[in-house]
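The block underneath contains the structure these notes are about, expressed in structure tokens.
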Amino acid sequence: MYAEVRDIESLSPSLVRVHLTGGTLDAFEGTPATDGYINAQFIPADSPLSVPYGPEDLETLDPEHRPRPRRFTIRRWDEATRTLTIDFVAHGDSGYAGSWAQRARPGDRLQFKGPGGSYRPAPEADWHLLVGDESAFGAIGASLEALMAGDRALVFAVVDGPDHEISFPSAADVDIVWLHRRSAEAPETLLVDAVAGTTFPAGSFDVFVHGEADETQAVRRHLATERGLDLTGASISPYWRRRFTDEDWRRIKRQWMAEQQAAV
Ligand SMILES: Cc1cc2nc3c(=O)[nH]c(=O)nc-3n(C[C@H](O)[C@H](O)[C@H](O)COP(=O)(O)OP(=O)(O)OC[C@H]3O[C@@H](n4cnc5c(N)ncnc54)[C@H](O)[C@@H]3O)c2cc1C
């Protein structure tokens, strides 16, 4: 599938919202998951490839000119206007996806596969725990938007500073704990320290924790060990890893996750 950039919004200094329409989106089918994602293919700058392309176009292409796959959450799929909205972290010039979003212009094309996805706030839970950095804000935002009046959510969200906070519209009763890296002595433990230092509301809850690998793992370990939670069915995964490109990270991710889970 492919789509074209309709317009771009700057949500914060570190988040770029891209609305995609046209292309083959008439055939796109949304997912009930609020962490639904596409596997987008980013073409290196010096590649002769252009969107749309087929498998036959890749056969003769040098490996360095092949598209780089990256997963991105569907912040919103608007069935009526057939518009796909994605919130990209603008993390500088390194990599393919973040820099593509920062440079995106109307008419630019993006090819992708999907969607996949598995989490949706459990209706039977008394409240919902959502923890993450900017890469998880698409899923956190979609989850909060799916909640109804009378539902409750507790969110821990880490950003660089107060000017990087964004709004998460929701009909539910949402308590957001914003954490700021810039003013923190230990930015990489902000999430786990905040979660560990909080008295949770009473009642049953489901768990959604996504973002940087070491940070999500620290929260997972805390929930499993210090809180003694059974995390079967919890939605916890490392979306990216500091100092690793997505290719390098995917190469070891499965084994790393197995080792981390075995270590708890
Ligand atoms: C299911 C799923 C859904 C995801 N949804 C989203 C989403 O909606 N929005 C989103 O922005 N990301 C999302 N991600 C994460 C995204 O796929 C990765 O961050 C990816 O590495 C970005 O690719 P890149 O080409 O920009 O950088 P890469 O080439 O992969 O990496 C280059 C450098 O940038 C660093 N880097 C990568 N991501 C970040 C970041 N978020 N912050 C700071 N530094 C970073 C790397 O550690 C590396 O040093 C999702 C990941 C998964 C698995």
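Computed from the coordinates by the stated procedures, all read-outs in this text should not be read as laboratory data. Bear in mind that the values here come from a model prediction, so they are computed numbers and not experimental data. Virtual Cβ from ideal backbone geometry, glycine too; neighbours counted across all protein chains shown.
Taken about its Cα centre, the stretch 123-264 carries a charge dipole of about 500 debye when Lys and Arg each add +1 at the Cβ and Asp and Glu each add -1 at the Cβ.
Neighbours of Asp151 by Cβ distance under 15 Å: Lys/Arg scored +1, Asp/Glu scored -1, total -4.
Only helices enter this figure: runs of n ≥ 4 DSSP H residues, each worth -39500 (n - 2.57), summed and divided by the residues of the chain, yield -6500 deg cm²/dmol at 222 nm to the nearest 500. The packing ranking, built from the mean of other Cβ atoms within 10 Å per residue, places the peptides 148-161, 251-264 in the order 148-161, 251-264, highest first. What is the Cα centroid distance between the stretch 199-257 and the stretch 147-191, reported in whole angstrom? Here the two parts' Cα centres lie 17 Å apart. The slack between Asp78 and Arg6, meaning 0.36 nm per residue of separation minus the straight C-alpha distance, is 24.6 nm. Once the Cα-Cα distance is subtracted from the 0.36 nm per residue extended length, the Gln255 to Glu188 segment shows a gain of 21.9 nm. Put simply, when 163-172, 17-26 are sorted by average Cβ atoms within 10 angstrom per residue, most first, you get 17-26, 163-172. Please list, by residue number, every one of the trypsin sites (Lys or Arg not before Pro) in the stretch 167-242 that is coil in DSSP and has at most 13 other beta-carbon atoms within 10 Å. Hits after loop and neighbour filter: Arg182, Arg227, Arg242. Highest mean packing first, where packing is the average number of other Cβ atoms within 10 Å per residue, the peptides 111-117, 122-128 line up as 111-117, 122-128.
For the stretch 1-106, state which GluC sites (Glu not before Pro) are in a DSSP loop and have at most 12 other beta carbons lying within 10 Å of their beta carbon. Within the stretch 1-106, the qualifying GluC sites (Glu not before Pro) (loop, at most 12 other Cβ atoms within 10 Å) are Glu29, Glu79.
Extension gain, Arg105 to Leu58: 0.36 nm times the residue separation minus the Cα-Cα distance gives 14.4 nm. Think of each Lys and Arg Cβ as +1 and each Asp and Glu Cβ as -1; about the Cα centre, that makes the dipole of the stretch 8-85 roughly 420 debye.
Using only side-chain charges placed at the Cβ, +1 for Lys and Arg and -1 for Asp and Glu, the dipole size of the chain relative to its Cα centre rounds to 320 debye.
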